[in-house]
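Notes for the one structure printed next.
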Amino acid sequence: MRWMKSLLVASFAGLLLVGCAGVAHVEKDKTVNFSNYHTYAWVETQAHQNDSAKTKVSDLTERRIKEAVDAELAKSGWKESKHRPDVLLSYDVLVERSVKDDSNPVYSMPQTRYFYNPYLRRWNSIYYPSQFLGYDDNQRSVREGTITISMIDANSDKTVWQGWTTDEVNSRNLTSKEIQNGVKSIFRKFDVAKN
């Protein structure tokens, strides 16, 4: 019985952690056989072809994203290679202001009313439970962070896989935890083995 309670608590904690991560989306080229890919290399992205500045994120954020992706790819047996990699990896981070609509249900307060029964000469109560009154709709300003990971075939320069996730963030920069959660939620859908 005790192990059953432990299993229930662990399951609930797992669901809670999964619920904290943003929803990830992926697109992949269905004509590509991913079992042919085993190595990768990181490439820098620029806003324009003639732009000398790379993507505007801090060095620390860049390292955290690359480390998180490297760890997820290592779980699938992939290795980073500087010599003739199978695919090239790039990332993009966007943090922007957005408006979120919240719709919260509104209920009346439960009440207890009393009445006097003259036949039995005593007071009794009647309980009235809360009732649904409708929704309280409001908008609030939030910051949303989007992490996008792109995988490009090194021979054809075609994008063969792309994953992204968007979630609320607390500041203009992503924290380590937000990066880890975002990358993990993206790579939960990295099902290259199913080709």
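So which pairs qualify, if the first residue must be in the range 157-176 and under 24 Å from Val87 (Cβ atoms), the second must be part of a strand (DSSP E or B) and open to solvent by 70 Å² or more (accessible area, probe 1.4 Å), the Cβ gap must be under 6 Å, and the two must be at least 6 apart or on different chains?
Listed pairs, sorted by first residue: Gln162/Glu27; Trp164/His25.
Quick check on the range 96-124: of everything there that is farther than 30 Å from Thr166 by Cβ, hydroxyl-bearing (Ser, Thr, Tyr) and part of a strand (DSSP E or B), which residue is farthest from the chain's Cα centre (by Cα)?
Looking at the filtered set, the residue picked out is Tyr116.
I'm trying to understand the selection: among the residues of the range 147-195, which are of a type in the set (S, T, N, Q), under 17 Å from the mean Cα position of the chain (by Cα) and in a strand (DSSP E or B)?
Correct list: Thr148, Ser150, Gln162, Thr165, Thr166.
Of all residues being open to solvent by 70 Å² or more (accessible area, probe 1.4 Å) and part of a strand (DSSP E or B) in the range 82-95, which is farthest from Thr45 (Cα to Cα)? Just the residue, please.
Only one residue tops the list, namely Leu94.
Would you call Arg140 of a type outside the set (A, V, I, L, M, F, W, C), open to solvent by 80 Å² or more (accessible area, probe 1.4 Å), farther than 18 Å from Ser35 by Cβ and without any contact (Cβ under 8 Å) to a residue 60 or more places away in the chain?
yes
Which of the following residues is surrounded by 10 or more Cβ atoms within 10 Å (Cβ to Cβ) and outside any loop (DSSP other than H, G, I, E, B): Tyr127, Tyr135?
Tyr135
Return the pair list, or none, for Cβ contacts closer than 6 Å from residues in the range 88-109 that are closer than 16 Å to Gly182 by Cα to residues that are open to solvent by 80 Å² or more (accessible area, probe 1.4 Å) and outside any strand (DSSP E or B), at least 6 apart or on different chains.
Pairs found: Val95/Arg172.
Would you confirm whether any residue within the range 57-75 is closer than 19 Å to Ile152 by Cβ, at pLDDT below 90 and not charged (D, E, K, R)?
Checked the range 57-75: no residue is closer than 19 Å to Ile152 by Cβ, at pLDDT below 90 and not charged (D, E, K, R).
The values are calculated or read from the model by the stated rules, or taken from the named source; none is laboratory data. Quick caveat, the model's predicted, so the values are computed rather than measured. All Cβ positions, glycine included, derive from the backbone under ideal geometry; neighbour counts span all protein chains shown. Accessible surface is based on the protein model in full, side chains and every heavy atom, while ligands, DNA and RNA are left aside. Shrake-Rupley method; radii C 1.70, N 1.55, O 1.52, S 1.80 Å.
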